[in-house]
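The structure appears below as C-alpha cells.
The values are calculated or read from the model by the stated rules, or taken from the named source; none is laboratory data. Because the structure is a prediction, the values reported are computed rather than measured. As a convention, Cβ positions derive from the backbone with ideal geometry for all residues, glycine included, and neighbour counts pool all protein chains shown. Areas reflect the complete protein model, heavy atoms only, side chains present, ligands, DNA and RNA absent. Shrake-Rupley method; radii C 1.70, N 1.55, O 1.52, S 1.80 Å.
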Amino acid sequence: MRFRTLILAAAIVGGFIYFTAKPNSLRHPGAPSGPLWTGPAVTQSAGLGSDEVNSIDIYKMASPSVAYITSTVYRQTFFYGPQAQKDLGSGFVINPEGQILTNFHVISGSQQVEVTLADQTKYKATVLVRDRVNDLALIKIEPKKKLTYLNLGDSDHLQVGQKVLAIGNPFGLQGTLTTGVVSSIGRPIEAENNRKMEGMIQTDASINSGNSGGPLLDSQGNVIGINTAIYGPGGGSVGIGFALPINRAKSLLDDFRAGRKQARLGVSTVYVAGDVAQALELPTSGGLLVQEVAAGSSAETAALHGARRMVLIGNQEVGIGGDFITAIDGKQVTEIDAITRALVKKHPGDILDLTIFRGGRSIDVKVKLGEATDDQL
C-alpha cells in the first residue's frame, strides 16, 4: 500500500512537470512562448536628459507669451457681396504694455486683427507699424491682466549648429514646439511680390503655415529670430525654414519709439567674389554688384548704376555692368547683407559712404538716405 502511494505521488509530480513545461496547446499557432514585450524589472519615472530639460523649461517659460493671430480681410465677391477671408499666423509679446511682433504678411491688408494668448484670452489688436520691406509688423492689445513677455536676444553672433526652438501655431495647432539648429546664416530668399530678403537665418526646426511671426529662440530662451518663410512643395516643411534676424526688428522698434522712419538706399544687389569676380573683371576680394536701382530712391539721386545686361553664371542669371560696392562706411563688404546691416544704424537724412568699382577704378560716393516706402528696394 505504501509502495502504491509512492508510485501515485511520483506520477502526479511528473505529470505536473510535463504539462507545465509543454507549450500551451491552446496558444495560437506560431505565437512566441515568451512575453510579447520587455521592460525594466522595476517601473520608474522616465529619466530626462539635460537637453530635454532645457527644451521643457524654455517652452514653459516662453509659450505663454506666444500669440495666435487671426487677421480678417473683407473682399467683395460678384454674387454674395462682402465675404470675410481669414488668415492665421503667430506673434509674441515683447513688453508689459501688450506690444506684439509678427510678420507683415500675417496682417497684410487686414481690417480686423484678433489675438489669442495661451490662456485663451482674446483681444482685438491695433496695428502700429507695417514694414513690408522687412516683412515686419508691430501690433498692440490692451491687456486685461499682467502679461508675460519675451526677451530679445542678439542675432549678430549666431553660429551654425547652435540649438534653436520655434513656437507657433502651425495649421492652427496652438502652442506647438519644434526644435532644431541654425542651419546657415545670411541667406537671401525670394519673398512675396519678387522682393528679396537678405541676411535670413536658415533652420531645420520644423516651420509650417501658421508659424509665421512666431519666435525663434536660443537655448537661453531669448528671441533671436522671427519665423518668416517656408521652403518646400505646397508650403510644407521639408527641414528648411527661414527666420528674420531679431536685430532687424530692434531697429524698427527703436525708430518707432523715437517717431522716426526707417532709412532706405534703394538698390538690389548680388554678392560676387573670387573666380566669378575675376571673370567679370571685378576685384576678387568681393563686393555687392548692383542689379537694380529703384526709381526715386536715394541711390538714383546719387547716380548709382544698375545692370546693363544679363549673363548666366553657373545656373544663376546675374546682371552685369552696374556699380560694384566694395566698402560701406569704410568697412570692406564681405557679406550679402552688408547694406542691410549698415542701414540698421542709419536714419533718413544720414549719409552712407560707399566705395564703388566703376569703369576699372574705385571711387567714393556719398548717399543721403531717404525714408523707407513700400515701393523702395
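When Asp57 is tested against (1) open to solvent by less than 70 Å² (accessible area, probe 1.4 Å); (2) over 20 Å from the mean Cα position of the chain (by Cα); (3) at pLDDT 75 or above; (4) over 30 Å from Gly259 (Cβ atoms), only condition (1) is not met. The number of residues in the range 207-227 being at pLDDT 85 or above and open to solvent by 10 Å² or more (accessible area, probe 1.4 Å) comes to 5. Considering the range 239-339, the qualifying strands (runs of 3 or more DSSP E), each wholly inside and each with 3 or more residues that are surrounded by fewer than 13 Cβ atoms within 10 Å (Cβ to Cβ), run over 309-313.
Filtering the range 246-291 to residues that are farther than 16 Å from Asp135 by Cα and among the aromatic types (Phe, Trp, Tyr) leaves only Tyr271. Within the range 355-366, residues that are at pLDDT 95 or above sit with their Cβ atoms under 6 Å from residues that are open to solvent by 60 Å² or more (accessible area, probe 1.4 Å), at 6+ positions apart or across chains, in these pairs: Thr355/Ser362; Thr355/Asp364; Lys366/Ile351.
Mind checking which residues of the range 105-151 are open to solvent by 10 Å² or more (accessible area, probe 1.4 Å), among the hydrophobic types (A, V, I, L, M, F, W, C) and outside any loop (DSSP other than H, G, I, E, B)? Passing the criteria: Ala125, Val127, Leu128, Val129. Filtered by the rule that a residue be open to solvent by 60 Å² or more (accessible area, probe 1.4 Å) and either in contact with a Lys or Arg (Cβ under 6 Å, 6 or more places away or on another chain) or among the aromatic types (Phe, Trp, Tyr) (or both), the range 340-377 gives Ile351, Glu371, Asp374. Of all the numbered requirements in (1) within 17 Å of Glu190 (Cβ to Cβ); (2) out of contact with any strand residue (DSSP E or B) (no Cβ under 9 Å at 6 or more places or on another chain), Asp254 misses one, and that requirement is (1).
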